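Novice: Mind having a look at this structure? Questions to follow.
Values quoted throughout were computed directly from the atomic coordinates according to the rules given, and no laboratory measurement underlies them. Computed from a predicted structure; not experimentally measured. Counting neighbours? That spans all protein chains shown, and the Cβs are built from the backbone with ideal geometry, glycine included.
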Amino acid sequence: MTVRGIVTAVLGATAWSCAASTALAAPAIRGVAIEQSLEAEPIPAPPADVPLVARLAIDRHVFDGSSASTAWDRLQERLKIYQSSHVAVLLALGTFPSADADVEAWRQFLRLVAERCSGAVVAYQIGAVAAGDEHDVNRYVYLLKLAAVQLRTVESTAVVVQGPIPPGSVEWEARVFAAGAGPYIDAVAIDGLPSSAGPMTTVIEKEKPSGLAIIGPVHLPADPAQAAAQFVETRTRALGTFVHVVAYDGEPAAIAAALSAARRIADLIAADLVTLDERAAVLRFTQAERDVTPSVAHTLLYSLTGFDTFLVYGPAAGATIDLEISVANATNPMVRDLLAGTTQKPLRSQTDGAGKRLRFTLPLADHPLVLDFNFGIGDTYILTSEAQKESLPRVEEIIFRYRQAQAAQDAALENYIAHVRIEQHFHPSPADPSYNIVTENRLFADRVGVEWEELSFELNGAKWTANRPAFPLVQPEKVLSLPLDLRLNEDYTYRLDGVEPVSGRPAFVIRFDPVDARRALYRGTVWIDRRSFVRLKVQAVETKLAGPVVSNDETQIYAEAGGLPGRPAWLMNHLVSKQVFLIAGRSVLVERELHFTDVSLNVPDFYAVRTAARASNRIMYRDTDQGVRYLVKKGETRVVSNQMTTSARAFALGADVDPSFDYPLPIGGLDILDFNFLNRDMQLALLYGGVIALGNLQHPNLWGGKFDASIDFFGLAVKSNDDVFDALGRRSGERVNRIPVATGVNIGYQVTPFHKLTGHYELHYDAYFRDPTTAAGFAIPSDTATNGEGAGYEFRRRGYSATANVAAYQRTKWTSWGTGADFDADARTYTKYDIGLSKDFVFKTFNTIHLNATYFGGRRLDRFSMYQFGLFDATRMHGVPSAVRFAELAMLRGSYSFNLFEQYRFDLFLDQASGRDPRIDDGWHQVTGTGVRLNLRAPRNTILQLDFGKSFLPDTYRRAGSTVLQILLLKPL
């Protein structure tokens, strides 16, 4: 290989590498355009080497109705003629539809044109604007984007040209670019002469550096000689500018004369020319030793393709002119008369000693001449030592390419069927077992929408294929404007944040934020494949949510799901979302996963299979603009129902065995969770078990959606035993019976989707009674009401939950109790605080590990205000009776949940705490709780729960009991 060949290969490889790295090619259109219509005669075969473009205007209305077939035939025939003559075609598609009702038909027409003209048309011109008729910018840009996506979907290499537009609409065109049109177009057609288009081309070049401008049409005079002269004048003035194509019209003889002249300028028209800085070349024109540079029209040009240098100069007064210039590699300077088709050497040629400073005497004419510094030498290559750095495309370009790729897939993908496994996992509280809900579904998606049938339902391992219990259908607010969607108004701002791999594929990282913070939109990151511009991954947080869902953080993974004609199909493969629900006045983190498998694309009998699913008795859903809705049977069809399941009810029957009670605590009543109580967008959570009532009434969406409010209530109708222990064990004669009643008001403020501030007021009333074993000299406390005010903070994200709370309490009445030795009058007021962290680890669907670490502390806590381990206490530990109490407590609780034989759900608990009771000593005492819970489906559609706990207590509590048992039978209603 020669040195010249090596240089060519290196430069070519470098250029190819840059193009491949961005996959964004420059517009491939350049030359001379001739105005054409289907009614006019075709352009005659052009001279060799002349880059000729036929700008063929068509009227879309002719391609509709009875004339459509004839019009299509004529268009196809004309395109064949141009192809055989090697004439590039720019198809001018006219104006945008004026009525919104016509947009869909117009869009379909564009797509049909692109499909029928694929491979025969180089460029499409769309969006013509008449002088004085500037369109609404937002609507114009929306339609321009829509057209570009439709055309590029079919022909990805086609050049999209905006216009033509009047040269005076400079400010309007700037607003068009500001509205985001730039990435969707490759060129702008300007309806005017080159001399009038300067300000407009400046705007285009600034906003679209990789684009080009098309000028014209220039109307040629009927006289062939004058037509040739005007052609040379206008075309040479456009060399090296942002104008790559100049269009002409006129009589056939005038066009023929222009094309003849074009042959003499073909190498300049076809070259990629740029304007050089004449100051660096120290260019100077003189006549009679007088500097006339400012009065002589001239342009110094450099070819990026042939690496040649040219000077276009004149016309000017006089017969000759002197030139001084510094140009490298001026190997064979010649003066070319493009109109006459002649060449001659400069009248005088002189160089300085170094051969860089050149002095010429040049002829003048009444039209432009060209000084070709390398005439007839061929390509000249110059190497530089500057390393080329990789540059990334603009974010608007990437988004456009993504939309183009997505539109192409949408056009090829008519429907698909997939199996979808939906999993939901949550912990109501740190002491409770995890809840795992799994549904198996068959999804049907077509161009109209998405619906699916539920094949099975599992709750903690109990499986239903039919007649499953009702489960609330609670979901975040539907986001109607998704990131990267093409809409009339752009709802997001985008920012390119580099490149990083996703599943081994290099991807552009694009951050997006909502423009309007008041709407329910998304904020996050999308990863777009660098080569194919398909979406690989999305991580997004939904903004401006209203209860009961106050946070939705989801990650979507996309993968190849099969092949379509000419391209693979990329569909969602896996979705993970972490949502925070307001339930029973508390924030509950729900982890949700969707797995898509067994995807079938463009299923031939899709509608038959879906019809069979609709005819079955299975539960079906449809995704609507309002969110997921039930698709219920109505006769032989299914209709969307807005009657959503917003509640779950169950009959509960069982008993709780706790050493703190003299006998098992019976439970018999209702367990209710209603997300739309009284149809007032309120929640009711209630457990009524005969002798016990526990509940919460909540409004999750107040004062603009950031606030929520709820009321707690609790009551126990039987006496519990309150014993006290010291280093010697249980104190004889000091047992007190107590019946508690409590209520409270909670206010929450959702600062961000993950941060929340809370405030609450509590009112407790404790009634104290003497036990038969209470000593006569032991005074029981006075019945008292206790007021409490507190505040809290919550952070929940990515499976983590961090909480902190503090509350101050005041007893309304507090007299001496006991023997007086343990009574502290200051304990009438006391403070409690806690801080905790929880994390769930989910694997293999029904295998869950839950960890919680919490510290509880306080000031002036006495026997009746210390932390205890009751069934409904935040400090609950498995197997630990409520008689155990500490003033300060650090605990670590863990659970492991799994299924056995897909029928039995087991929860294993291991809790460890270290507590301190100043009444006994200042030491820390270890408490260990263990437990096992069995959950299984029982006869008559019931669920049986057995919860057994065994604890290992300090010697102080050796007589307090160490076994707790709960038996519960639930019957969904």
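Novice: If you take every residue apart from Leu594 with its C-beta less than 11 Å away from the C-beta of Leu594, what net charge results, scoring Lys and Arg +1 and Asp and Glu -1? The partial results should precede the final answer.
Specialist: Values: positive: Arg421, Arg592; negative: Glu423, Glu554, Glu593.
Net charge around Leu594: -1.
Novice: Which angle between 0 and 90 degrees, to the nearest 10, do you get for helix 103-116 versus the longest principal axis of the chain when only C-alpha atoms count?
Specialist: Helix 103-116 sits at roughly 60 degrees to that axis.
Novice: Additional query: Could you calculate the FRET efficiency of Arg916 with Leu670 from 1/(1 + (r/R0)^6), where r is the beta carbon distance between them and R0 is 35 Å, rounded to 0.05? Provide the component values of the computation, followed by the final result.
Specialist: On the way: r = 40 Å, r/R0 = 1.15.
Once rounded, the FRET efficiency stands at 0.30.
Novice: With the contact rule set at Cα under 8 Å and sequence spacing of 6 or more, what percent relative contact order holds for region 761-804?
Specialist: Values: 43 pairs, mean separation 17.0, N = 44.
Dividing the mean separation by the residue count of region 761-804 yields 39 percent.
Novice: Something else now. Quick one: which residues, 5+ away or cross-chain, put their amide H under 5 Å from the amide H of Ile619? H built at 1.01 Å from N.
Specialist: When sequence neighbours closer than 5 places are left aside, the close amide H contacts are Glu454.
Novice: Relative to the longest principal axis of the C-alpha atoms of the chain, give the angle of the C-alpha long axis of helix 68-84, reported between 0 and 90° and rounded to the nearest 10°.
Specialist: So the inclination is approximately 60 degrees.
Novice: Something else about it: Provide the per-residue ³J(HN,Hα) series for region 687-702, in order, calculated from phi with Karplus coefficients 6.51, -1.76, 1.60 and θ = phi - 60°, each as a whole number of Hz, with x at glycine and proline positions.
Specialist: 10, 10, x, x, 9, 9, 9, 9, x, 8, 10, 10, 10, x, 9, 10
Novice: Here is a further query. For the chain, give the magnitude of the charge dipole about the Cα centre (Cβ charges: +1 Lys/Arg, -1 Asp/Glu; no others), in debye to the nearest 20.
Specialist: Details: 98 positive and 108 negative charges, 443 e Å.
Computed about the Cα centre, the dipole is about 2120 debye.
Novice: Still on this structure: Would you grab the residues whose amide H sits under 5 Å from the one on Met682? Only those 5+ places off in sequence or on another chain, please, with H modelled 1.01 Å from N.
Specialist: For Met682, the qualifying residues are Phe677.
Novice: Okay, moving on. Calculated FRET efficiency, Ser37 and Ser196, Cβ-Cβ r, R0 22 Å, to nearest 0.05?
Specialist: Numbers: r = 24 Å, r/R0 = 1.11.
Plugging the Cβ-Cβ distance into 1/(1 + (r/R0)^6) gives 0.35.
Novice: Taking a 24 Å limit on the Cα-Cα distance, which of the listed pairs Lys578/Lys832; Lys578/Lys633; Lys756/Lys813; Lys463/Lys971; Lys206/Lys537; Lys706/Lys832 fall beyond it? Mind dumping the intermediate values first?
Specialist: Values: Lys578/Lys832 30 Å; Lys578/Lys633 32 Å; Lys756/Lys813 34 Å; Lys463/Lys971 15 Å; Lys206/Lys537 33 Å; Lys706/Lys832 27 Å.
From the list (Lys578/Lys832; Lys578/Lys633; Lys756/Lys813; Lys463/Lys971; Lys206/Lys537; Lys706/Lys832), the Cα-Cα distance tops 24 Å for Lys578/Lys832; Lys578/Lys633; Lys756/Lys813; Lys206/Lys537; Lys706/Lys832.
Novice: Taking neighbour counts of Cβ atoms within 10 Å as a proxy for exposure, in what order, fewest first, do His135, His755 appear? Mind dumping the intermediate values first?
Specialist: Values: His135 19, His755 15.
Ranking His135, His755 by Cβ neighbours within 10 Å, fewest first, gives His755, His135.
Novice: So who's got an amide H within less than 5 Å of the one on Val327, skipping anything under 5 residues away but keeping other chains? H placed 1.01 Å off N, in plane.
Specialist: Hits under the 5 Å cutoff: Leu358.
Novice: I've got another one for you. What's the local net charge at Asp337, with K and R +1, D and E -1, over the other residues with C-beta under 15 Å away?
Specialist: +1
Novice: Would you tally the net charge around Arg618, using a Cβ to Cβ cut-off of less than 14 Å, leaving Arg618 out, and scoring K and R as +1, D and E as -1?
Specialist: Local net charge: +3.
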